[in-house]
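The values are calculated or read from the model by the stated rules, or taken from the named source; none is laboratory data. Values in this document were obtained by computation on a predicted structure and should not be read as measured data. In this analysis, Cβ positions are derived from the backbone assuming ideal geometry, glycine residues included, and neighbour counts consider all displayed protein chains.
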Amino acid sequence: MALNMKAQDESSKRRRKQGGLVIKTLRTSLGYTQRELAEKCELDYYTFISQIEAGVGKIPPQKYKIFAASLGCDTKKFVRELIKFYDPHTFEALFDADPHEPTDYDEIRL
């Protein structure tokens, strides 16, 4: 049982890191620094962006809309993408889709 939990934790960390890469790709494609994105998202600490991008932290649900707007993304498509990394079982259940599908950046942008 403990080995299974450790494997799940590692898998979760890996998925969060992949989600962080999506955020970083969107941010850098707009030419924003982490500090600039943090300001646009009304965050007190720009280091939180670093934590999200590294997969250590997740975007809080109450910040989904402001992150999507700041990154030039459609909110629903942006959140769908986050759920794929943050909660793949929910993603699969809601969208009947493979959580391993690649990110289509053009699709989530406005």
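List of remarks:
- For the range 65-88, taking the residues that are in contact with a Leu (Cβ under 7 Å, 6 or more places away or on another chain) and surrounded by fewer than 17 Cβ atoms within 10 Å (Cβ to Cβ), the one that is farthest from residue 43 (Cα to Cα) is identified as 74.
- Which numbered condition residue 67 fails, given (1) in contact (Cβ under 8 Å) with a residue 40 or more places away in the chain; (2) part of a loop (DSSP other than H, G, I, E, B); (3) under 13 Å from residue 24 (Cβ atoms): (2)
- So residue 30, is it over 14 Å from the mean Cα position of the chain (by Cα), at pLDDT below 95, exposed (fewer than 15 other Cβ atoms within 10 Å of the Cβ) and not charged (D, E, K, R): no
- Qualifying residue in the range 89-97 (condition: surrounded by 16 or more Cβ atoms within 10 Å (Cβ to Cβ) and in contact with a strand residue (DSSP E or B) (Cβ under 6 Å, 6 or more places away or on another chain)): no
- Taken over the range 32-41, the criterion of being within 17 Å of residue 73 (Cα to Cα) and assigned to a loop (DSSP other than H, G, I, E, B) is satisfied by 32, 41.
- Within the range 70-109, the residues that satisfy the criterion of being part of a loop (DSSP other than H, G, I, E, B) and in contact with an Asp or Glu (Cβ under 8 Å, 6 or more places away or on another chain) are 98, 99, 103.
- Residues (among the aliphatic types (A, V, I, L, M), farther than 15 Å from residue 28 by Cα and surrounded by 15 or more Cβ atoms within 10 Å (Cβ to Cβ)) located in the range 46-64: 59
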